[in-house]
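Report on one structure; see the data block that follows.
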Amino acid sequence: MKCDKLHKDLIFFAEGSLTFERKNEINDHLSECDTCRKFVSELTYSLEIINKEKIIETNPFLYSRILNKINNYEQSANTFKVFATKLLRPVFVILLILFGIFSGIKLGSSYSSKYTDKDSEIQIITYYLNDLQHESVETILLSEELEIENIN
Amino acid sequence: MTDREFVLEIRKGNQQAFRMFVEKYQLTVIKTCNGFIHNLEDAEDITQEVFLEVYKSIHNFREESKLSTWLYRIAVNKSLNHLRKYKLKKNLESIESLFMTNKNMINEIRDNSNLLPDDEIEQSEKAKILHQAIDSLSTNQRISFILNKYEDLSYKEIAEIMNTSLSAVESLIHRAKINLQKKLFNYYKKNYK
């Protein structure tokens, strides 16, 4: 059996996750091939390193360290709150007032520039050409009444 | 205390419940972090950050997944962030390390471990090579491999943590093992033949 054919399965052989038949095939090859045998022992050793690294003892001081971190976090959060109320709030209010003034000026200037002299001329012309501006509904009704009186 | 009770009690600010929660899950978190970092002291520091994050974000935990799944996600993200920061720091500190070859690193270990017994030096060298091989895997392959090998989690649990399908996890772990074998074989060819 060629090394290349079974080489991809050596790590699965080392961790013991192959089928019985495949395992036997590789065992047969390993009895003949020195290179593959050495490599399998290296792979097995590497997997054992992982198993050794998994054995960790609990640190009795870990909880107190976490608690310390939490206290630091809460302190810094409180400091930020104080900072926010004492300094950031008035700054925000001032900025809001400035924004209001600025936007008011901007709106005012855009409104006046919207109607130019030409626009007002057109308005005057349309005013004169509009009959209803001169003759209100009341005058029409009055004139109609006078006409009726004359007829009578 | 069940996970649901842990969530409710920690939200209420029950310190005793938080202590029990830390005691229950600290080894799980340290082992996961150590799988990525390969340094116990740093893994413990990240574990502290993980539990701080739990304390800060427990009110935002929507309980759509298990508490342990959420905890694993935080541990994985914190570990990957630590590695990114460490990599950046290392690159800034020394340009020389960018050009450092595997052989140089092995020699460095040899120099640093003159006082250790021979078998410990050998184990340290081989552990370093294994760690390098694990670190060179793609992020998803690395996450799935570490959760499977260091935490003995099932493919289903890993799929939940990684928010992916079971078949995707099977494929990721299979490819991770093959890639790991290739990298270890390259090292073996160079040094032992």
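Count neighbours as other Cβ atoms within 10 Å of each site's Cβ, and list the GluC sites (Glu not before Pro) in the range A:28-82 that are DSSP loop with at most 12 such neighbours. Don't jump to the answer; show the numbers that get you there.
Details: sites: A:Glu32, A:Glu42, A:Glu48, A:Glu53, A:Glu57, A:Glu74; in loops: A:Glu32, A:Glu57.
Counting only loop positions with at most 12 other Cβ atoms within 10 Å, the GluC sites (Glu not before Pro) in the range A:28-82 are A:Glu32, A:Glu57.
With every protein chain kept in place and ligands, DNA and RNA left out, what is the accessible area per residue of the range A:1-97? Probe 1.4 Å, answer in Å².
Values: 6580 Å² over 97 residues.
Accessible surface, normalised per residue, equals 68 Å².
Can you list the residues in the range A:10-29 whose accessible area drops by at least 10 Å² when all protein chains are present, compared with the chain alone? Use a 1.4 Å probe, heavy atoms only.
Output list: A:Ile11, A:Phe12, A:Glu15.
Hand me the trypsin sites (Lys or Arg not before Pro) from the range A:1-102 located in a DSSP loop with no more than 15 other Cβ atoms within 10 Å, in residue order please. Spell out each step's value before the answer.
On the way: sites: A:Lys2, A:Lys5, A:Lys8, A:Arg22, A:Lys23, A:Arg37, A:Lys38, A:Lys52, A:Lys54, A:Arg65, A:Lys69, A:Lys81, A:Lys86; in loops: A:Lys2, A:Lys8, A:Lys54.
Hits after loop and neighbour filter: A:Lys2, A:Lys8, A:Lys54.
Along each of the three principal axes of the Cα atoms of the range A:31-114, give the extent in whole Å, ordering the values from largest to smallest.
Largest first, the range A:31-114 extends 98, 43, 9 Å along its Cα principal axes.
Compute the separation of the alpha-carbon centres of the range B:13-29 and the range A:50-109 and state it in Å as a whole number.
Going from one Cα centre to the other spans 25 Å.
With an 8 Å cut-off on Cα pairs and a minimum separation of 6 or more residues, tell me the relative contact order of chain B in percent. If you can, show how the numbers build up before the last one.
Numbers: 128 pairs, mean separation 38.2, N = 193.
Once normalised by length, the contact order is 20 percent.
Of B:Lys78/B:Lys190; A:Lys38/B:Lys87; B:Lys78/B:Lys183, which ones are farther than 29 Å apart at the Cα?
On the way: B:Lys78/B:Lys190 35 Å; A:Lys38/B:Lys87 34 Å; B:Lys78/B:Lys183 26 Å.
In this structure, B:Lys78/B:Lys190; A:Lys38/B:Lys87 exceed 29 Å between Cα atoms.
In degrees between 0 and 90, to the nearest 10, how far off the longest principal axis of chain B does helix B:15-37 point, with axes built from Cα atoms?
20 degrees
What are the residues of the range B:39-58 that lose 50 Å² or more of accessible area, with a 1.4 Å probe, going from their chain alone to all protein chains?
Residues shielded by partner chains are B:Glu44, B:Gln48, B:Leu52, B:Tyr55.
Of the chymotrypsin sites (Phe, Trp or Tyr not before Pro) in the range B:1-70, which ones lie in a loop per DSSP and count no more than 16 other C-beta atoms within 10 Å? Please report the intermediate quantities before stating the final value.
Numbers: sites: B:Phe6, B:Phe18, B:Phe21, B:Tyr25, B:Phe36, B:Phe51, B:Tyr55, B:Phe61, B:Trp70; in loops: B:Phe61.
Answer in residue order: B:Phe61.
In units of 2.2 N^0.38 Å, what is the alpha-carbon radius of gyration of chain B?
Working: Rg = 19.1 Å, N = 193, 2.2 N^0.38 = 16.3 Å.
Dividing the Cα radius of gyration by 2.2 N^0.38 Å gives 1.18.
Mind checking the per residue accessible area of chain B for me, 1.4 Å probe, whole number of Å²? Could you put the intermediate results ahead of the total?
Values: 10730 Å² over 193 residues.
Roughly 56 Å² per residue, with all protein chains present.
Grab the beta carbon distance between A:Asp4 and B:Thr164, set R0 = 45 Å, and tell me the FRET efficiency rounded to 0.05.
Values: r = 32 Å, r/R0 = 0.71.
Taking R0 as 45 Å, the efficiency between A:Asp4 and B:Thr164 is 0.90.
If one takes the accessible area of chain A alone plus chain B alone and subtracts that of the pair, with a 1.4 Å probe, what total in Å², rounded to the nearest 100, results? Kindly include the intermediate steps, with their values, before the conclusion.
Working: alone 13830 and 12500 Å², together 22680 Å².
By this definition, chains A and B bury close to 3600 Å².
The values are calculated or read from the model by the stated rules, or taken from the named source; none is laboratory data. Quantities reported herein were computed from a predicted structural model and do not represent experimental measurements. Neighbour counts are summed over all protein chains in view; Cβ atoms, including those assigned to glycine, are modelled from backbone coordinates with ideal geometry. Heavy atoms of the whole protein, side chains included, go into the accessibility calculation; ligands, DNA and RNA do not. Shrake-Rupley method; radii C 1.70, N 1.55, O 1.52, S 1.80 Å.
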